[in-house]
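The values are calculated or read from the model by the stated rules, or taken from the named source; none is laboratory data. Fair warning: this is a prediction, and the values are worked out from it, not measured in the lab. Please note: Cβ atoms are built from the backbone with ideal geometry, for glycine as well, and neighbour counts cover all protein chains shown.
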Amino acid sequence: MGGRLTGIRVALLGGDAREAILLEELLRQGALVQVAGVPVLPAREGYTWYDDPLAAVRGAQVFILPVPGVNSEGRIYAPQSEQPLYLNQELAAAIPGGTPVLVGVARPFLQEMAATRGWRLVETADMDEMAILNSIPTAEGALMLAMQELPITLHGSQAFVLGLGRTGFTLARLLAGVGALVTVVDRGAADRARALVEGWRVVAFTDLAGVIGQAQVIFNTVPDLVLTAALLAATSPEVLIIDLASAPGGTDFEAAMTLQRRAMLAPGLPGKVAPRTAGLILARIYPTLILDCLERL
């Protein structure tokens, strides 16, 4: 019985448990999936596994890279692959211009290659639907890290959330739910108003230096440098900083080390703490996105 993706040829390179769940959904919907760098599945219709990633991309109408994407050396995120996978010039030449290339986060290496080759690069991690759904496992993972690292309970703690975007809002609600005393720091007047409606204390970034010393745990969601050396110097020596922004994060980690502040960069929590949920989110979003890219809705 056919599905929405019947006959569409998809190349899937690299990934982890999330992409394995996505692969199952693509096959269920009738796609012909050419795979490299993902654990071998039992033989089934529509699925072809390759040792050579170059063979996996030939003839594909859509190219899917893992959520973490490609690093600065061109290495494709593929922790379960026996051999490293690289998006080198030979592989890139096998992907025609105009091909939709789906990836969670596109770093400069991939952005430049896509622009040079004329691919249709689609970054999914920042799409509203995906980011909002992923905010739940991200927030739960952040609370898990805080509970592991803090010598106190989150209940009754002074918890600061920097940035009230999709992740920040979900995180603040979870913190409030476990009894933390939540302070939200945001630049936007409308977002600060939403926080006030929720009953949280609200601080503008311009006023953060005067109150940051009260924080026992700080969660940053802002991808720009907001926790500067000067602000870190004003924090409590016992503070715990969990930076959830994409690398390099929004914290001056060198200054944090010098000041002996505990600070950790923790991007990509959905795939680490709830890979099945994160995979189901991909499975929910990518089939429609593929059809949209191919204008077959």
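For the reader, a short list of remarks on this structure follows.
- The condition of being over 30 Å from ILE218 (Cα atoms) and basic (Lys, Arg) holds for only one of ARG117, ARG107, that being ARG117.
- ARG117 meets each of the listed conditions (1) in contact with a helix residue (DSSP H, G or I) (Cβ under 7 Å, 6 or more places away or on another chain); (2) crowded, with 20+ Cβ neighbours inside 10 Å; (3) more than 18 Å from ALA36 (Cβ to Cβ) apart from (2).
- Condition check for LEU291: surrounded by fewer than 22 Cβ atoms within 10 Å (Cβ to Cβ), touching a residue at least 40 places away in the same chain (Cβ under 8 Å) and not in a loop (DSSP other than H, G, I, E, B): yes
- Strands (runs of 3 or more DSSP E) within segment 42-128 that include 3 or more residues more than 25 Å from the chain's Cα centre (by Cα): 47-49
- Of ILE285, ILE241, all but one fail to be crowded, with 16+ Cβ neighbours inside 10 Å and part of a strand (DSSP E or B); the exception is ILE241.
- Condition met for GLY268 (buried (at least 17 other Cβ atoms within 10 Å of the Cβ) and modelled with pLDDT under 95): yes
- No other residue among ALA139, ALA131, ALA125 is aliphatic (A, V, I, L, M), surrounded by 20 or more Cβ atoms within 10 Å (Cβ to Cβ), under 27 Å from ILE241 (Cα atoms) and out of contact with any His (no Cβ under 8 Å at 6 or more places or on another chain) apart from ALA139.
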